[in-house]
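Down below is the structure, laid out as structure tokens.
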Amino acid sequence: MKRLSVIFLTMAVLLSGCQSTGQSDNSTTITPVITSVLVTMPAEVSNTATPSQEQMDTVTPEPTREEATAAPTAQVKDTSTPVPTIQPTDTAAPTAEAEVTDIPSVTDTVTPAATEPAQLTSAATQTPIPTKAATATPKPTATAVPTKEPTKAPQKTGAITWTDTSLESAVRGVLGKDSGTIYQEDVAELTTLDLTNKGIKSISDLTYFTGLTSLTLDENSISSLTPLKELTSLKTLSAGYNSVSDISALSGLTNLTALWLNNNKITSIDTLGKLTKLTELSLNYNQISDISALSSMKNLETLRLIGNNVKSLTALQGLSKLMSVWLNWNSISDISPLKNISKSATLNLAGNQISDWSPVSHIKAVIGRP
């Protein structure tokens, strides 16, 4: 009850203040304040007994026109958030303007969130301030240097079709190629080839070995050397212990410096007259009787004709470079063509029918001399 009296007293003070200052227009401002104060105490008003007329007369001054106007406002049921109650203080009562400023209006408290969507919408619809995109300075790219495509190796041609399997096997062993096709270019680069005792009968496939400078064919069953006429690069050739009888194919091998044809069936060496670069010639154990073709071999240093049918040594009298002559086991009787041979030479004349040894008296190394 006391609290209610204070509220009505406060209302009377505010109204009387406005009348004394002559601010009649402030009623419209104060009215919401009074209404707010009354609304805060609905429970107390309903639960408290209605004051008597005497109490009202002592507490509340005579109502004015403004109060009468404001009274109905207090009956409005407000469903908004209750406004905090103004507690009286010892300090001077604030003016109506201050009260209005400090106390939020019903509109403000009822729809506090109403402005938030607008603010969000405003923020969302604001035109973003364009920012200058950082322009990345492009890094210089290295100019791609065109690469030269690797040259494809040309496909090999000229596959060799072997006629002698023994020769093929021997060549594969040299090349280290046990299987697969062997081409002409594979063998054309070979310079040295040793085919000793390989059971070879035919050498026709050697025509592709044009790069050979040294060839050994000893101890096989070869009867023809004809395929060798293509091998003009040969410098040394050995084909001993075979069955060769015709050596005419060798006449064009003018680069030969050494030729060994021992133990064959050779009867004629006439075609060897063009081999003037020969320094060594070995024709042991053949069937040779005429050696006249040797007269043109001025560079000859070693001659071996052991076990043939030689009778005349006339072709040797102009060969001043001879240092080793092996003529044993022939049919020689006259050795006078040997008188100009160097005293440092070595002669083997054993097994002949020599009666006069004086032509070689200046030579110390004479085998067969009595």
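Just so you know, all these numbers are worked out from the coordinates, no wet-lab data involved. Here the structure is a predicted model, which is why all the values come from computation and not from measurement. Neighbour counts are summed over all protein chains in view; Cβ atoms, including those assigned to glycine, are modelled from backbone coordinates with ideal geometry.
With the simple model of a label 7 Å out from the Cα in the direction of the Cβ, residue 317 to residue 277 spans 3.1 nm.
Each of 172, 304 was scored by other Cβ atoms within 10 Å of its Cβ. Listed from fewest to most, they are 172, 304. The calculated FRET efficiency for residue 183 paired with residue 324, based on their beta-carbon distance and R0 = 35 Å, is about 0.25. Each other residue within a Cβ distance under 11 Å of residue 362 adds +1 if Lys or Arg and -1 if Asp or Glu, for a net charge of +3. Net charge in the neighbourhood of residue 342 (other residues with Cβ under 14 Å of its Cβ; Lys, Arg +1, Asp, Glu -1) is +3. Students often get this wrong: which residues of the stretch 207-236 have the backbone nitrogen under 18 Å from the point 7 angstrom along Cα-to-C-beta of residue 265? It comes to 218-227, nothing else. Computed from the C-beta positions of residue 357 and residue 191 and an R0 of 41 Å, the FRET efficiency is 0.35 to the nearest 0.05. Excluding residue 178 itself, calculate the net charge of residues whose Cβ lies under 14 Å from the Cβ of residue 178, where each Lys or Arg counts +1 and each Asp or Glu counts -1. Net of charged neighbours comes to 0.
Spacing of the modelled spin labels on residue 292 and residue 339, each 7 Å from Cα toward Cβ, amounts to 2.3 nm.
What the Cα atoms of the stretch 187-367 give is an Rg and a Dmax of 16.8, 54 Å.
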